[in-house]
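Written out below as structure tokens is the structure these notes cover.
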């Protein structure tokens, strides 16, 4: 009995299907460190009972269906993992350089913030600006006294007690630095589909590797953007059948 004890460890990789197909990618993406990887198998049976005499007794049972599911938790906060958790698209936003960009802000409030570069193309605003000038009417405001600016985030704080009061209109000019920004945008994507592989590196026990040709991944639970522990995200796994292939292959190591 002791020889069959297993202390499980391993690595998970995933080959996503091409959009609208059941054709997996040629290469498999490593999920990164997975703190949890579980499989659950449940069978639903149709039972038959004999009622010919006395106490009903079961005399037959037929398995109608088997459901194979699982859960996966990773603390690898890669952009691709975050995009999958949010059922979102990962892309790169290119921002071109520009000089003397002018923006106006109406009815501002002291002590609050202004985000530069908000547009239809960039709803969240821009990044990396220089040469910021803030004006109230014909007066040029003083950095550090009337406002603070975060050039990397392109955000302006209107300092309470400075020259800006509630209801003022503010004009800002700045130079835009050319840059590229990684962007994850939520979409109408459903479950993430593909092939899943688990390669065991058990601390103790026989090594068995699992391959599932067709799984659906869906987000499971909260993703703590702030807290006292490492950020982690969890996924539900639904194991499905792909054509004539088995749902799960579990292989030992060559001897």
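The values are calculated or read from the model by the stated rules, or taken from the named source; none is laboratory data. Quantities reported herein were computed from a predicted structural model and do not represent experimental measurements. No Cβ is skipped: glycine too gets one built from the backbone with ideal geometry, and neighbour counts run over all protein chains shown.
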Check every one of the strands (runs of 3 or more DSSP E) wholly within the stretch 206-255 and list those with 1 or more residues that are under 26 Å from the mean Cα position of the chain (by Cα) and at pLDDT 95 or above. 208-219, 233-239
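Let's see how each residue does on (1) over 29 Å from residue 231 (Cα atoms); (2) more than 30 Å from the chain's Cα centre (by Cα); (3) touching a residue at least 40 places away in the same chain (Cβ under 8 Å); (4) in the same structural domain as residue 8 (by TED's automatic domain parsing):
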residue	(1), (2), (3), (4)
100	yes, yes, yes, no
106	yes, yes, yes, no
111	yes, yes, yes, no
132	yes, yes, yes, no
141	yes, yes, no, no
151	no, no, no, no
161	yes, yes, yes, no
For the stretch 75-87, check the following and say yes or no: at least one residue is in a strand (DSSP E or B) and either modelled with pLDDT of 95 or more or in contact with a helix residue (DSSP H, G or I) (Cβ under 8 Å, 6 or more places away or on another chain) (or both). no
Selected residue (criterion: farthest from residue 198 (Cα to Cα)) from residues of the stretch 33-44 that are surrounded by 12 or more Cβ atoms within 10 Å (Cβ to Cβ) and over 19 Å from the mean Cα position of the chain (by Cα): 41
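Yes/no per residue for (1) more than 17 Å from residue 181 (Cα to Cα); (2) surrounded by 14 or more Cβ atoms within 10 Å (Cβ to Cβ):
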| site | (1), (2) |
| --- | --- |
| 100 | yes, no |
| 108 | yes, yes |
| 122 | no, yes |
| 126 | no, yes |
| 137 | yes, no |
| 142 | yes, no |
| 152 | no, no |
| 165 | yes, no |
| 169 | yes, no |
Exactly one of 116, 93, 158 is within 15 Å of residue 177 (Cα to Cα) and modelled with pLDDT of 95 or more, and that residue is 116
Sort out which residues of the stretch 154-163 are surrounded by 13 or more Cβ atoms within 10 Å (Cβ to Cβ) and under 13 Å from residue 113 (Cα atoms), and write them in order of number. 154, 155, 156, 157, 158, 159
Name the residues in the stretch 105-121 that are touching a strand residue (DSSP E or B) at 6+ places or on another chain (Cβ under 9 Å) and farther than 24 Å from residue 144 by Cβ, would you? 106, 118, 121
